[in-house]
1. Is it true that some residue in the range 189-199 is within 16 Å of ligand 1 (Cβ to nearest atom), modelled with pLDDT of 95 or more and not in a loop (DSSP other than H, G, I, E, B)?
2. Out of the range 138-166, which residues are part of a helix (DSSP H, G or I) and either out of contact with any helix residue (DSSP H, G or I) (no Cβ under 6 Å at 6 or more places or on another chain) or within 16 Å of ligand 2 (Cβ to nearest atom) (or both)?
3. Among the numbered criteria (1) part of a helix (DSSP H, G or I); (2) more than 16 Å from ligand 2 (Cβ to nearest atom); (3) modelled with pLDDT under 95, which one does residue 257 miss?
4. Is it the case, given these coordinates, that residue 208 is at pLDDT 95 or above, surrounded by 14 or more Cβ atoms within 10 Å (Cβ to Cβ), over 25 Å from residue 161 (Cα atoms) and within 16 Å of ligand 2 (Cβ to nearest atom)?
5. Which of the numbered conditions does residue 218 fail, given that it passes all the others? Conditions: (1) within 16 Å of ligand 2 (Cβ to nearest atom); (2) under 18 Å from residue 136 (Cα atoms); (3) assigned to a helix (DSSP H, G or I).
6. Restricting to the range 105-135, name every residue that is more than 14 Å from ligand 2 (Cβ to nearest atom) and over 19 Å from residue 210 (Cα atoms).
7. On the basis of being under 17 Å from the mean Cα position of the chain (by Cα) and at pLDDT 95 or above, does residue 116 make the cut?
8. With in a helix (DSSP H, G or I), touching a residue at least 60 places away in the same chain (Cβ under 8 Å) and farther than 19 Å from residue 287 by Cα as the only criterion, which of 107, 128, 91 stands out?
Ligand code: FE
Ligand code: FE
């Protein structure tokens, strides 16, 4: 069965929905998001809702383990970081003309925002690459298995996850082993032991995990885990090391959400700086 083409309008609607749930004015890296899930109508809301309905139904423990095996690094070729950015950018080809921001532009705007604030080079590099796992879409994966909020599988779903009512259709809720608070995990076991719903965060983490500082890897692996970094659900699965490292996940989040502007970055002018930065950390090619 083939999947429908990547839907950029849906991606745009999903990002608008994130900003609705987590407005910039509410950002408090040390506290809980205030007034999250405010209820006002917004175009695209129904497509986002439908997206999460399918996502929550199909992201089961078995599905996640299967995707991790299918997308182990090296199973989908070797490419440089820049080649992957260009590959990801082909997602815009069927674009709706209203969706002007290409994938490379989002990556560069995120990185440039981090760079302007004087953060270390690995933080800037993380901004540049953080969404490269979305190349999953170009390997035929459906959008609900690539983007969207992530959440643990193999244990009870938190009602702090967006649209928790749709977990009612997830078959794992009928499996006693997966439906207790800790499920297959133990108290404070650490997130490294926990399987999150499958998507671009975990895939990219697996590809780059040998090359970046741990802080960067936390940002990449957990940037869509809003239930943890913005809602503070799932603290019972985290250990003290996770809690300390989540400082960096929270530091990264505003650059991801709030650096979009209408002035597109000049890709060719910025490329030499970023190619040099990539070369400081990565080999010429990576296993994808
Ligand atoms: Fe992302
Ligand atoms: Fe992003």
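The values are calculated or read from the model by the stated rules, or taken from the named source; none is laboratory data. Note that the structure is a prediction, hence the values are computed from the model and not measured. Cβ: placed from backbone, ideal geometry, glycine included. Neighbour counts: every protein chain shown.
1. Looking for residues that are within 16 Å of ligand 1 (Cβ to nearest atom), modelled with pLDDT of 95 or more and not in a loop (DSSP other than H, G, I, E, B), one finds at least one in the range 189-199, hence yes.
2. Start the filter on the range 138-166 by keeping residues that are part of a helix (DSSP H, G or I), which leaves 138-139, 143-145, 164-166.
Hits for the range 138-166 are 138, 139, 143, 145, 164, 165.
3. Against the list (1) part of a helix (DSSP H, G or I); (2) more than 16 Å from ligand 2 (Cβ to nearest atom); (3) modelled with pLDDT under 95, residue 257 comes up short only on (2).
4. Judged against the criteria, residue 208 is a match.
5. All conditions pass for residue 218, except number (2).
6. If the condition is that a residue be more than 14 Å from ligand 2 (Cβ to nearest atom) and over 19 Å from residue 210 (Cα atoms), then 115, 116, 117, 118, 119 are the ones that fit.
7. no
8. 91
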